[in-house]
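Here the structure is laid out as structure tokens; the discussion comes afterwards.
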Amino acid sequence: MRKDLKLKNSLMKEIKKLRINIRNERKRQNLSRNQLAKKAHISPYTLVDLELGRGSNDVKLSTLLKISEGLEVSLPSLLK
């Protein structure tokens with residue numbers, strides 16, 4: 001049970017880091033959320049929810065790949 005809690009906490013930290021990295025890279029490129037959503041072919045609401053940590057922490061890999069492509073960066077670089 002304790003290992004599950006540690007794993008969950010670790011995963012939550014990684015998701016938070018990912019959110020921050022996406023937001024920081026978007027801002028570094030002077031892109032609005034709407035602009036990035038359009039480039040990534042995702043809903044602006046999806047991007048807002050992801051960046052602000054709203055809703056579920058279940059982020060689809062396909063969505064993350066679209067965002068990394070929209071930002072023109074590798075997905076691993078957003079996980080650093």
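Return yes or no: is LEU64 more than 13 Å from the chain's Cα centre (by Cα) and among the aliphatic types (A, V, I, L, M)? In short, no. Filter the range 32-71 down to the residues that are over 23 Å from LYS8 (Cβ atoms) and in contact (Cβ under 8 Å) with a residue 40 or more places away in the chain, then identify the one that is surrounded by the most Cβ atoms within 10 Å (Cβ to Cβ). Looking at the filtered set, the residue picked out is ILE67. Checking each residue in the range 13-31 for being under 14 Å from LEU78 (Cα atoms), of a type in the set (A, V, I, L, M) and either exposed (fewer than 15 other Cβ atoms within 10 Å of the Cβ) or out of contact with any helix residue (DSSP H, G or I) (no Cβ under 7 Å at 6 or more places or on another chain) (or both) picks out ILE15, ILE20.
For the range 1-51, the candidate set comprises residues that are of a type outside the set (Gly, Ala, Ser) and outside any helix (DSSP H, G or I); within that set, the residue that is nearest to the chain's Cα centre (by Cα) is ILE42.
Filtered by the rule that a residue be at pLDDT below 95 and among the acidic types (Asp, Glu), the range 52-80 gives a lone residue, ASP58.
The values are calculated or read from the model by the stated rules, or taken from the named source; none is laboratory data. Not measured: the values here are computed from a predicted model. All Cβ positions, glycine included, derive from the backbone under ideal geometry; neighbour counts span all protein chains shown.
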